[in-house]
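Step one of this worksheet: look at the structure below.
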Amino acid sequence: MARSKVLIVEDETDIANLVHFHLAREGFQPQIASSGRLALETVATQRPDLVILDIMLPDLDGLEVCRKLKRDSATNSIPILMVSARGEESDIVVGLELGAEDYVTKPFSPRVLIARVKAVLRRRDTESSREVNLGESLRIDPARHQVFIEGEALDLTLTQYRLLHFLAQRPGFVRTRDQIVTAVRGEGTVLSSRAIDVHVAALRQKLGDRGDLIETVRGVGYRLTTDKVGSAV
């Protein structure tokens, strides 16, 4: 992870400089963008490995920046770590729905923030490269972070992709919400079951007629149903 490029999108100079200092000390290549529009311009030209994105910005807010990055196929695989003084669950859910990989609330410890940055990049770097092929219905290509349903590519956020990929590793086996949180976001991340349910609902919608591939196991979690996808190859 050394020398990974990290874009800090923060309009509060003191906070931006503090984060920049700690990232540089840990061996990252940090860069600061003080507005949402500048962040989009910087991502388009610099292609950072991760974006630390404040929600409250002077022009485009962080949620809109996240939405634009995750809707663009050229940038939707860039991990986003959202930062905000607003810690209500509704803000967290919205950020996760849009595809953010993690969420930290202000005030935060620089050590905690750095740990989250490393965890997000580590998960990205260690994801399995083995293709998952479940019958004719579902194919997952980790090398390209793409999912195909009956040959048609789906437009998934990175979190939706990770969730489906995790379930597909052991089709037919039930995964608890805690296991899903750990798999897609890492140890120590606190998310409500509501946040996981939101991700699953959005994923089912994108799967369209094959949304029933993901089965709810009441009181436990979710599983990818083998009777609808066939045997793993």
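Bear in mind that the values in this text are calculations on the coordinates, not laboratory data. Here the structure is a predicted model, which means the values were calculated and not measured. Heads up, the Cβs are rebuilt from the backbone with ideal geometry, glycines too, and the neighbour counts pull from every protein chain shown.
Brief remarks follow.
- Here D197 and S137 are evaluated by their C-beta separation; at R0 = 22 Å the FRET efficiency comes out at 0.40.
- Longest exposed-site-free window of the chain, the sites being trypsin sites (Lys or Arg not before Pro) in a DSSP loop that have at most 16 other C-beta atoms within 10 Å: 4-85
- Angle between the chain longest axis and helix 62-71 axis [Cα atoms, degrees, rounded to 10]: 40
- Relative contact order, percent, the chain [alpha-carbon distance under 8 Å, six or more residues apart]: 15
- Rounded to 10°, Cα long-axis angle of helix 110-126 versus longest principal axis of the chain: 40
- Sorted largest first, extent of segment 5-126 alpha carbons per principal axis (Å): 32, 30, 28
- Model label sites at D155 and D212, defined 7 Å from Cα along the beta-carbon direction, differ in position by 2.7 nm.
- Gyration tensor (Cα) of the chain, equivalent ellipsoid semi-axes in angstrom: 32, 18, 16
- Extension gain from K118 to K106, taking 0.36 nm per residue of separation minus the Cα-Cα distance: 2.5 nm
- Sparse-neighbour loop sites [GluC sites (Glu not before Pro); segment 31-100; at most 11 other C-beta within 10 Å; DSSP]: E88
- Highest-MSF residue in the chain out of G95, G221, G208 [GNM, Cα springs under 10 Å]: G208
- Dividing the mean sequence gap of close Cα pairs (under 8 Å, 6+ apart) by how many residues segment 5-126 holds gives a relative contact order of 23 percent.
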